[in-house]
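Every read-out reported here was derived from the displayed coordinates using simple, explicitly stated rules and does not represent laboratory data. For clarity, every value in this text was computed on a predicted model and none was experimentally measured. Glycine gets a Cβ as well: all are built from the backbone with ideal geometry, and neighbour counts include every protein chain shown.
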Amino acid sequence: MASNIGSSPTMSPQAQAGRPYNCCVPESDTTTLGAPIYFSAGPYASKVIRMEIHEVQKANLGRKYANVDRRPLDPPPVAHLRLFEVHHAGTPRQREVEMTYDDTLADGLVCYADLFPVPPDDAANLEPYTYGPYGSYGGSTESPVPSSSSPARYGSSGRGDHDASYRAIRSRAEYPLHAIQEHKVIYQWGNFPITEESKKTTELVGSTFVQPCVIDYQGGKQMFFVFADLAVRLEGTFILRYRVFNLYGQLHSQATNPVAAECYGGRFRVYSTKEFPGLPASTELTKLLARWGVRVNLRETERKRRRRDEDGSPE
């Protein structure tokens with residue numbers, strides 16, 4: 001049975017108290033991001049390793065977190081980590097071999113999730129996200145954001161000023177893009193620039209960091225980070241950033257452990273309790289994770305929001 005450390009949907013004491021649950025993540029040194037890294041200690045000692053991470057299951061929706069309403073994002077966000085051992089690094093003979101995954105390789109690996117607001121969907125684009133086999137990207141036609149030639153659409157979604165995330169997005173959309181200092185832009189969501197200052201990770205509740213699980217997936221052992229209990233304390237439209245660290249492995253000639261890999265995920269919406277549309281049946285990837293002992297919420301059928309008539313009783 002694969003390890004399922006960090007995959008429990010049971011909220012931590014900090015989360016139950018309504019506070020964000022964060023670990024002591026190393027400072028975000030991204031100088032080696034995406035590059036082969038030589039490790040001098042830990043499970044990868046004396047090896048040159050390159051890591052890459054991809055979101056294979058994004059959340060579609062969530063309900064705004066409250067003390068009496070703690071429903072996590074659905075489906076649970078899942079990121080897939082791949083490890084490559086680099087031979088003859090820096091020479092014409094350099095080549096990569098994907099490593100064979102087991103629980104020993106998972107020791108010390110941590111994935112940390114950050115939250116960023118992004119422009120809301122157009123009404124015409126509020127379609128269910130399309131998953132491929134076991135939840136991988138396989139058919140989504142979602143465009144990242146509305147065209148920059150029509151920024152007024154950001155201010156006309158009809159969500160109202162109670163939505164703090166939407167207000168922030170509208171404010172930035174009305175701000176000239178050329179006025180944002182280029183060096184502060186860390187990611188482009190379509191034509192929408194994302195900066196570190198726009199981060200809303202403190203509004204996440206649940207485990208913002210998890211360790212990986214190793215399961216059988218599409219014919220072989222693979223390594224996944226499962227964020228099973230994340231909830232958001234704001235209404236609005238968001239994406240997650242995933243960053244991978246190795247807490248135990250010391251890099252050659254460095255005292256710190258920088259970000260080994262990162263990626264940005266797909267867009268999801270957090271609703272108020274009143275507007276929440278209900279939950280679909282669990283995805284095939286979620287069911288597979290559950291079969292491997294990862295603690296995730298499962299639903300065999302769709303759960304629609306119960307409506308109430310004028311007398312206040314369910315319809």
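A few points about this structure:
- Cross-link reach list, lysines versus LYS199, counting only Cα pairs under 16 Å and skipping chain neighbours closer than eight places: LYS184
- Gyration tensor verdict on the range 29-84 (Cα atoms; rounded if a/c is under 1.5, prolate if a/b is larger than b/c, oblate otherwise): prolate
- Candidate lysines - alpha carbon under 16 Å from LYS274, same-chain residues fewer than 8 apart omitted: LYS64, LYS304
- Rounded, prolate or oblate (a/c below 1.5 giving rounded, otherwise prolate when a/b exceeds b/c) for the range 200-292 by Cα gyration tensor: oblate
- Of the peptides 294-300, 206-212, 87-93, the order by per-residue mean of other Cβ atoms within 10 Å, starting with the highest, comes out as 206-212, 294-300, 87-93.
- Rough spin-label spacing in nm, given labels placed 7 Å along Cα→Cβ, for GLU98 and HIS54: 0.9
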